[in-house]
Structures are given as C-alpha cells and as structure tokens.
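Structure record follows, encoded as structure tokens.
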Amino acid sequence: MRPLIGCLLASCALIALLLAWGERFAPLTHATFGFSGEIRGMREVVVRVEPDGPAASLGLRPGDVLDLSKISLSDRYRLTTGSVAGSRITIPITRAGEEHFITLISASSTRAHDAALASLYGPMFLFGATVTLCIVALIALRHPSVATASLVLYGIGTLSPHTAAQFSWLPNPLYGAVAAIIFTIVLEVPQLALLPFIVRFPFSPTSRSARTRMRVADGIFMVGTLFYTWRNIFIPYNELTWIYFEDTLFFVVPLIILVFAVFAYHDASGEERRRVSWVIAGFVITTIAYSVDTITLNTPDASSTIITAITALAQGLIAAFPITLAYAVLRHRVLDIGFVFNRAAVYAVMTTLVVLIVALVDWFASRMLTEQRLAVAVEALVTISFGFALNYIHARTERLIDRVVFRQRYIAEKRIEYRVGALAFASSSASVDEALGIDAPQILDLTSAAVFDRFSSATPFRRSAETGWSEDTTSMLDPESLLVRTLRSVERPLFLDDAALVPQGFPTGALRPILAIPITAQHELLGVALYGNHPDGASPDPEEVSLLWRLTTAAATAYGTVEARQWRERAAMLEESIRSLGPSVST
C-alpha cells in the first residue's frame with residue numbers, strides 16, 4: 001500500500017511540473033479579451049483597451065465599469081485569470097449611468113504570450129519550480145506519509161494561479177468550482193502545508209507536548225484550508241479588502257511555521273537537530289526569496305536592470321528549501337560541509353596558481369623572446385612539460401594540502417591506518433576490543449562506541465569495550481535480535497536510521513549510536529561495533545565510515561588469529577601433558 005501511495009504522490013508532483021512547463025511554453029492560455037482594468041471593491045474599472053482586441057470591436061472604452069457581482073463565478077475566473085482562445089463571457093457594462101451587456105470572445109494574442117513569458121515563469125522561477133517539484137516527487141516516492149503528502153502540496157504552490165485558465169474550457173458552473181479549488185491549492189494552502197510537515201520532521205513525535213503541537217498544527221492547516229476554499233468560492237476574486245488580509249497572512253504564516261520549527265529543533269538532539277537546522281535555514285532563505293520576488297515584481301520600476309537581476313536571483317533562491325530538505329531527508333546524514341567546501345576551495349586556489357604559472361610563462365615567452373619560432377618552441381615545451389607533470393603535481397599538492405591545511409583529518413586517517421597494521425600483531429582479544437571501542441572513537445572524535453563480540457555460537461554477544469556507554473545500558477545482544485540478523489544479511493556498515501532500528505537499552509540523546517559495523521570472517525558474524533555522532537551532531541562521513549570498516553575488517557582477521565594462536569597453545573599444552581605421561585601410559 002505504501003509504494004502505491006508514494007507513486008500517487010510523486011505523480012501529483014510531476015503533473016504539477018508538467019503544468020508549470022506547459023504554462024510557460026504551450027500556447028493554450030495565451031489569449032485575451034482585449035482589455036485590462038482596476039479592481040475597486042465589487043467593481044472593475046476599465047483602464048486600457050487593446051486597439052485590435054475583442055473588447056475594442058464591441059465598443060468597450062477606458063472608464064467603463066464592470067459590476068463583478070452580476071458575473072458568474074466561472075466567468076469571473078475567466079476574466080481575471082485568462083482563458084483559452086474562444087472562451088465566451090457576458091459582462092454588464094455601466095457607462096454614463098446606463099447599463100448594458102456585451103458578450104466577449106477571447107482571441108489568441110502575441111501580447112498575451114509575451115506577457116505570460118515575462119510575468120508568470122521566468123527562467124529562474126521555472127528553474128526553482130522544477131527543482132522543488134522533482135525533489136518533492138523523489139521524497140514522496142521514497143517516504144510516503146502525511147508529512148511528504150503535505151510536501152507535495154507545498155511543491156504545487158510553485159505553480160501560478162493562472163494555471164486555472166488551462167481548464168477554462170469546462171462548462172459553467174463546473175469551471176468555477178475547479179478554478180476555486182486550484183486557487184486554494186496553488187495560491188493559498190501550500191504555505192500552510194508546511195505545518196503538518198514540520199511537526200513530523202524528522203520523525204513522528206512521541207512526547208506528549210510534541211504530539212499536542214502536532215494536533216494544533218494540523219488543526220491550523222485544516223481550518224485554513226476550509227476557510228480559503230470557502231473564500232474562493234463565495235467571495236469575488238481579488239476583492240480589495242481580501243487583498244489586505246492576504247498580504248498580512250503572507251507574513252504571519254511563515255512566522256507561525258518558524259515557531260513550530262524552533263520547537264522541533266528544541267526537542268531534537270544530535271543528528272536530528274542538525275537535520276532540522278538545515279530545513280530551517282532553507283525555509284528562511286526561500287521565504288526571504290519569495291518576499292523579495294513579490295516586492296520587486298510590484299515595484300514601479302520592475303523592468304530596470306538592477307530590479308530584474310534581483311528578481312532573477314530571488315526566484316533562483318526559491319529552490320533553497322527543497323535543496324536543503326533533500327539533503328536532510330534523502331541523505332539521512334549531515335556531512336561535514338565546511339570540510340568539503342574548504343577542501344574544494346583550497347584545490348581551486350592551487351589549480352588557479354598552476355594556470356597562472358602557465359599564463360606567466362606564455363607572457364614571458366611572447367614579450368621577452370623576439371624570435372617568433374623560439375617563443376613558440378618555449379611555449380610548447382612548457383605546455384608539454386606541465387602536461388606530463390600534472391599528475392605528479394596533483395598528487396604532491398594533494399598530499400601537501402592534506403598534511404598542512406587539513407592536518408587534523410590527515411592525522412586521524414594515519415592513526416587509524418597504524419591501528420589497522422598493529423591489529424595483525426594482537427595477542428589477545430582485549431587488544432582488538434580496545435582498538436575498536438576506545439582508540440577509534442577517540443581518534444575520530446566520536447561521542448560513543450561499543451564492541452560486542454563472542455567466540456561461541458551458543459553464547460550471546462557481550463559488550464567487551466565501550467566509550468560513552470554507562471553501566472545501565474545493555475551489555476548483551478541477542479543473536480536473534482533484529483539488529484544482529486540485519487547485519488548478518490547486509491555484511492557492511494549500516495546506519496541505524498536507514499533500517500529504522502531502535503534497539504532497547506542503547507544510550508539516547510547525544511550518545512545514541514547511529515552506525516553499526518559487522519565484524520565478519522568468511523560470512524560468520526564474530527561481533528558488532530557501534531559508533532555515535534561527532535560532538536557537534538554530525539554523523540561520520542563516508543571517509544570515516546570507510547576507515548572504521550577497514551579497522552573492523554582487520555579486527556575480524558585479528559580475532560581469528562588470536563583464536564588460532566590460543567588453540568595452538570592449548571594443543572601444545574595438551575601434547576606436552578601427554579608426553580609427560582608417556583612412560584606411565586606405556587606401562
């Protein structure tokens with residue numbers, strides 16, 4: 001059932017993406033009735049009439065007044081959002097105190113096409129919408145739930161309310177109901193939809209206070225949805241009093257979401273807190289981007305170069321929330337982003353220096369050498385020499401950067417490698433346990449670690465070394481437990497959250513183990529090594545996981561060597577005992 005729900009949610013997001021692209025490039029709704037007006041309460045005053053449009057041919061002039069209360073809901077939406085070419089509406093016109101009705105038929109318009117491209121979906125806005133809907137679809141497909149369903153609803157909010165115009169071919173009053181629902185889903189509800197999501201991220205709440213906040217957030221979402229649906233069906237669209245009310249909610253709703261997010265951050269700990277912080281950061285950036293985009297599009301000088309650049313930047317930053325969300329949800333772990341970015345920056349600087357050296361030689365050869373052929377020969381020689389030396393330079397540069405700039409990480413890696421080599425000469429299992437449960441977390445700066453091992457299939461796994469585990473935590477692992485059976489199946493490092501494993505008796509909070517590594521030899525599980533987060537809440541990154549796996553692999557070999565040595569010693573002692581009893585046995 002869950003895979004089916006995931007496919008349905010992902011399909012909704014992809015359909016919304018198709019509508020977004022269709023709204024920009026398909027000519028379906030690039031039509032006009034030939035005039036534009038200004039809403040004043042329940043009336044619309046004609047401000048501009050296109051000379052060659054349908055309205056001009058029927059004598060509509062600037063200053064004419066339309067009584068919106070006398071137009072059906074369907075025709076009101078067709079008038080205000082646009083419609084497909086050939087749509088017919090009948091509107092009451094008041095001029096000089098006299099009222100009469102005219103019937104307008106929309107026609108295709110190049111002007112409407114250009115206006116749609118300019119105002120609805122610019123390239124950057126379409127980029128943000130595409131990124132948002134693709135990420136939301138992927139999350140919903142992998143993790144179908146109430147939280148991800150609300151995410152899909154949030155992603156649909158990247159559409160324009162003018163999407164309703166693509167359904168204007170529907171008959172009255174069906175189109176009015178469809179348009180009102182589309183307006184509610186696209187324009188009003190998406191921001192509210194983050195409330196059911198944030199109170200369930202990263203996991204459904206378990207404490208009483210958190211569950212109470214979840215019910216309050218769900219209640220706000222449901223009341224808001226019902227209110228906006230009623231408002232879009234029974235209240236004329238774009239009535240001036242509602243514009244002020246909606247502008248207020250535009251700033252109030254993000255504050256409410258931020259309050260619930262702060263509570264979620266307060267309740268979380270360790271890696272969960274890091275994941276919530278990424279979501280909050282992305283949400284804040286996206287909210288600011290939406291605000292800037294709205295303000296710049298409504299400024300009198302919106303077409304200036306500076307305002308256009310600011311608008312494009314804001315529309316691109318709209319994708320910040322889904323990107324950080326994908327990082328926190330799909331990745332399941334928070335990497336040391338500062339380390340990755342700093343390393344990339346250093347390598348970029350070193351590469352730039354190499355390029356500058358080549359450019360300097362080129363300049364020197366062209367300026368200082370008057371002989372054309374000699375200059376070309378020097379340049380070719382330098383270029384070829386750098387080509388052959390590039391791998392050498394890169395290897396030495398990488399080694400130099402690791403030793404100098406990232407010295408702490410480099411030292412940790414070397415120390416783990418030394419431990420791996422030393423395990424080959426371990427004479428007791430206690431030395432192996434110490435390397436896994438005490439040395440490794442100390443070297444890699446992990447908050448907790450524990451080693452469970454056994455040398456008999458008839459006994460449980462007993463805790464033999466630990467860091468950060470108290471006496472009241474579990475000291476044995478049942479061979480039939482889900483954790484042990486899962487590690488036997490995968491035979492590789494496993495993050496407990498990925499398999500939804502929450503064993504009883506393990507440390508909680510900052511000391512909670514998040515990584516389990518099986519200690520196997522010839523597909524036999526000899527033990528289990530458990531490791532926690534870093535003190536700042538970040539999980540071990542792939543390089544650290546690889547180092548720990550190498551260490552446990554060496555430990556499995558060491559366990560076998562120690563056991564073999566012990567059996568040889570027992571066999572030698574038994575043989576010596578038999579020899580000492582030899583004369584008496586012969587008699």
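Please treat every number below as a calculation from the coordinates, not as lab data. The model shown is predicted, which means the values in this text are computed figures rather than measured ones. Cβ coordinates were reconstructed from backbone atoms using ideal geometry, including for glycine residues, and neighbour counts include every protein chain displayed.
General observations
- Charge dipole (debye, nearest 20) of the range 411-570; +1 at Cβ of Lys and Arg, -1 at Cβ of Asp and Glu: 540
- Here the label points at SER291 and SER456, each 7 Å from Cα along the C-beta direction, are separated by 6.8 nm in the simple model.
- Close amide H contacts of THR467 (hydrogens built in the peptide plane, cut-off under 5 Å, sequence separation of 5 or more or a different chain): ALA449, ALA450.
- In this structure the amide hydrogen of ARG95, modeled in the peptide plane, comes within under 5 Å of the amide hydrogens of HIS100, none closer than 5 places in sequence on its chain.
- Projecting the Cα atoms of SER431, ALA499, SER457 onto the charge dipole of the range 411-570, computed from C-beta unit charges around the Cα centre, puts SER457 farthest toward the positive end.
- Neighbour counts of C-beta atoms inside 10 Å place ILE306, ILE288 in the sequence ILE306, ILE288, starting with the fewest.
- In this structure the amide hydrogen of ALA521, modeled in the peptide plane, comes within under 5 Å of the amide hydrogens of LEU526, none closer than 5 places in sequence on its chain.
- With the charge dipole of the range 32-108 set up from +1 on Lys and Arg Cβ and -1 on Asp and Glu Cβ about the Cα centre, the Cα lying farthest toward the positive end among the listed residues ALA55, THR81, PHE101 is that of THR81.
- Model label points for VAL65 and VAL47, set 7 angstrom from Cα along the Cα-to-Cβ axis, are 1.8 nm apart.
- The label point for THR94 and the one for PHE250, both projected 7 Å from the Cα toward the Cβ, are 2.9 nm apart.
- Charge dipole (debye, nearest 20) of the range 32-108; +1 at Cβ of Lys and Arg, -1 at Cβ of Asp and Glu: 140
- Karplus-derived 3J(HN,Hα), 6.51/-1.76/1.60, for each residue of the range 133-143, Hz, glycine and proline x: 5, 5, 5, 4, 4, 5, 5, 5, 5, 8, 9
- About the Cα centre, charge dipole magnitude for the range 60-103 (Lys/Arg +1, Asp/Glu -1 at Cβ), debye: 160
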